[in-house]
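The block underneath contains the structure these notes are about, expressed in structure tokens.
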Amino acid sequence: MTPSPESAPTTILIVDDTPENLTVLSEVLQPTWRVRAANSGRRALQIAGGDPRPDLILLDVMMPEMDGYTVLAQLRENPHTADIPVIFVTAMDATEDEEHGLDAGAVDYITKPVRPAIVRARVRTHLELTRAKSLLRDENHYLEAEVARRMRQNQIIQEVSIHALARLAETRDPETGNHLRRTQGYVRTLADALKGNPRFSGYLQPHTIETLVRSAPLHDIGKVGIPDHILLKPGKLTAEEWEIMQTHARLGHDAIERAEQDAEETVEFLAIAKEIAHYHHEKWNGSGYPERLAGDAIPISARLMALADVFDALICRRVYKPPMPIADARAIIEKERGAHFDPDVVDAFLARFDTFAAIAQRYTDDDML
């Protein structure tokens, strides 16, 4: 049970340069609360900044050397004392004096000569308000931490689900190894390099970049619908087989779209994953598949994924080809600037090539490079 103000170890600091006034206030407050006294502004600041910190300060306005307004200003400047409630106690009773005190940051204003019942009532009210604010602040901190924890938990579940689905596709094409990690790294590198480019900055905001990176592993989810004799064929595909192979882009799009329809509300990463799956084989010059989109009609997410996917495919072994030296892969990507790939995306790749090489090395497969 929460202790009442009367039983809690509550400390009140009274500040007045007149000993008689300190005595009067002490007699009024001590039966209920623990009282500390200061006969100057400087001494008040020392006590307030020490331990235990006062829960409330009754502060005389008219004092020599340092008046109450100056003391209050210095209390508010110190993070340790900034939120201690202060009640001004003064013989001044003009409305403008009271307004001045409240504007300066005091929570209340008591005039002298003090009336014991009024002092105790005002003190009790402000102690209860302070305690309520503290409880509310603690509750808010707890709720914020809980929301952050649950969001992180949801993010982990989302990432695990994405990788589980992507791994399902990988079981059909086992030689891709660390392809998912590498392409995620490549996509993040390109996004970071392009986020300041006016053509991309509106889209590549921090949250979108994170969602894009999380969604990237689903780019080839449609391969689960491609027959083994085509997907795992060691030689060149026939024209008919190549047509079937190209359907994996549409199959991936349709599978993710069905998952979207099953969701009760919009799921952002699914929308981006659907874009990537559908369009990451489109080419800047319009010669790609499945929709033969060209230029800026190709979603940015798919343009980044296109380069990341091709680069990784070049440097890795596949059933139909050996791995290519990384320098040769770089030259091919550069040659396809403005043909297969968005020119700015290629420029970002060239500017961050060392990062691409480091990612490839970090998540290398035994039979690549």
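The values are calculated or read from the model by the stated rules, or taken from the named source; none is laboratory data. Given the structure is predicted, the values throughout are model-derived calculations rather than measurements. With ideal geometry, Cβ positions are generated from the backbone for all residues, glycine too; neighbour counts draw on all protein chains shown.
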For residue 274, only one of the following conditions fails: (1) closer than 25 Å to residue 342 by Cα; (2) more than 34 Å from the chain's Cα centre (by Cα). What is its number? (2)
Check off (1) in a loop (DSSP other than H, G, I, E, B); (2) free of Cβ contacts under 8 Å to residues at least 24 places away in the same chain for residue 62 and give me the number that stays unchecked. (2)
Considering only the range 13-28, state which residues are surrounded by fewer than 20 Cβ atoms within 10 Å (Cβ to Cβ) and aliphatic (A, V, I, L, M). 22, 24
Expected single match for buried (at least 16 other Cβ atoms within 10 Å of the Cβ), of a type outside the set (Phe, Trp, Tyr) and in the same structural domain as residue 289 (by TED's automatic domain parsing) among 273, 239 is 273
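Residues 31, 79, 54: which one is buried (at least 21 other Cβ atoms within 10 Å of the Cβ), part of a loop (DSSP other than H, G, I, E, B) and not hydroxyl-bearing (Ser, Thr, Tyr)?
Only one candidate passes the filter, namely 54.
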Residues of the range 320-351 classified as crowded, with 16+ Cβ neighbours inside 10 Å and without any contact (Cβ under 8 Å) to a residue 60 or more places away in the chain, total: 13
Test set (1) touching a residue at least 60 places away in the same chain (Cβ under 8 Å); (2) out of contact with any helix residue (DSSP H, G or I) (no Cβ under 7 Å at 6 or more places or on another chain); (3) not hydroxyl-bearing (Ser, Thr, Tyr) - residue 354 fails condition number: (1)
Checked the range 105-134 for anything in contact (Cβ under 8 Å) with a residue 40 or more places away in the chain and under 39 Å from the mean Cα position of the chain (by Cα); matches are 106, 126, 127, 128, 129, 130, 131
Within the group 68, 105, which residue is modelled with pLDDT under 90 and not aliphatic (A, V, I, L, M)? 105
Wholly inside the range 159-244, helices (runs of 4 or more DSSP H) that include 3 or more residues that are within 23 Å of residue 271 (Cα to Cα) and at pLDDT below 95 are 179-194, 206-215
Residue 115 fails exactly one of the following numbered conditions: (1) in contact with a Phe, Trp or Tyr (Cβ under 9 Å, 6 or more places away or on another chain); (2) surrounded by fewer than 16 Cβ atoms within 10 Å (Cβ to Cβ); (3) modelled with pLDDT of 85 or more. What is the number of that condition? (1)
